[in-house]
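Read the figures in this text as sums done on the coordinates, not as results from a lab. Predicted model only: the values in this text are computed from it and were never measured.
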Amino acid sequence: QVRLVESGGGLVQAGGSLRLSCAGSGSIASINAMGWYRQAPGKQRELVAIISSSGMPHYGDSVKGRFTISRDNAKYTVYLQMNTLSPGDTAVYLCNAGLGHRGQVWGQGTQDTVSS
């Protein structure tokens with residue numbers, strides 16, 4: 001079983017930055033792609049960024065040029081550096097890991113709030 005634990009985030013003013021971390025534990029050898037999604041109240045869950053096991057990133061359109069995803073394969077940890085934040089970025093951010101044929105796993109989520 002794989003478990004994801006998120007850390008970082010919180011409250012920041014518009015224009016500021018936050019950094020999220022997500023560490024995998026358990027049967028981590030099955031982890032391939034890792035990434036971040038977010039869900040704001042009343043909105044559908046949307047992709048923020050994902051990164052393959054080889055380090056290839058993919059970003060959602062709304063965060064391109066502002067957010068950077070990276071990973072440390074030795075630690076099975078994925079990071080999300082979020083810059084130039086706006087109130088529209090306020091959401092619960094959820095870590096996700098692909099497990100190949102075993103499906104995927106989600107973290108518990110971390111609330112990030114950007115004040116105007």
> Build a GNM of the chain with springs between Cα atoms under 10 Å: which of ALA29, ALA91, ALA40 gets the top mean-square fluctuation?
Replying inline: ALA29
>> Could you work out the relative contact order of segment 32-116? I mean the mean sequence separation of Cα pairs under 8 Å and 6+ apart, divided by the number of residues, in percent.
In response: 29
> How big is the chain by Rg and Dmax over its Cα atoms, in Å?
Replying inline: 13.5, 43
>> As an exercise, take the mean of 1/r over every pair of distinct alpha carbons in segment 3-43, invert it, and state the Kirkwood radius in angstroms.
In response: 12.7
>> From Cα pairs below 8 angstrom and at least 6 apart in sequence, can you work out the relative contact order of segment 58-102, rounded to a whole percent?
In response: 27
